[in-house]
Amino acid sequence: MATAPPQKSEWLIVVHDLPDTADRRRELLPKHGEDRKNDPAGFWVFGGALLDEPALAGKPMSMAGSCMLAYAESKEEILERLKRDVLVTGKVWDWEKLQVYPFWRPARPSI
């Protein structure tokens, strides 16, 4: 009897930056972006910065962390991917306070 393929779910990830990491974040962002290209297609639904204040034209953004939506089989799959991320290994993200939640949207595009 054939087994069904693993079922994937959406996962909301919230991770704050460690204190005083703005310069290191800027330095590591290009590699962070490059490394995402090695992830399976559709793994990352979206991602972006958590801000201390709303983004306003002409004013520099003050980033406090990151928020992402991933499409994966398990929380463990998310953690395995994130622990290799340059923002974790480069000590920008606060790994100890990482939050990963199963997420559901009542209306979403098909994946």
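Just so it is clear, none of the values below were taken in a lab; they were calculated from the coordinates. Treat the numbers as computed from the prediction; the structure is a model and nothing was measured. Neighbour counts are summed over all protein chains in view; Cβ atoms, including those assigned to glycine, are modelled from backbone coordinates with ideal geometry.
Please verify whether the range 39-49 includes one or more residues that are aliphatic (A, V, I, L, M), surrounded by 10 or more Cβ atoms within 10 Å (Cβ to Cβ) and part of a loop (DSSP other than H, G, I, E, B). No: zero hits.
Within the range 7-38, can you find the residues that are within 15 Å of the chain's Cα centre (by Cα), free of Cβ contacts under 8 Å to residues at least 60 places away in the same chain and closer than 20 Å to Gln99 by Cα? His32, Arg36, listed by residue number.
Scanning the range 1-42 for residues being out of contact with any strand residue (DSSP E or B) (no Cβ under 8 Å at 6 or more places or on another chain) and closer than 17 Å to Lys91 by Cα gives a total of 14. Exactly one residue among Leu87, Leu12, Leu50, Leu79 is of a type in the set (A, V, I, L, M, F, W, C) and in contact with a helix residue (DSSP H, G or I) (Cβ under 8 Å, 6 or more places away or on another chain), and that residue is Leu87. Among the residues that make up the range 65-77, is at least one of them surrounded by 10 or more Cβ atoms within 10 Å (Cβ to Cβ), in contact (Cβ under 8 Å) with a residue 40 or more places away in the chain and in a helix (DSSP H, G or I)? The answer is yes, given that some residue of the range 65-77 is surrounded by 10 or more Cβ atoms within 10 Å (Cβ to Cβ), in contact (Cβ under 8 Å) with a residue 40 or more places away in the chain and in a helix (DSSP H, G or I).
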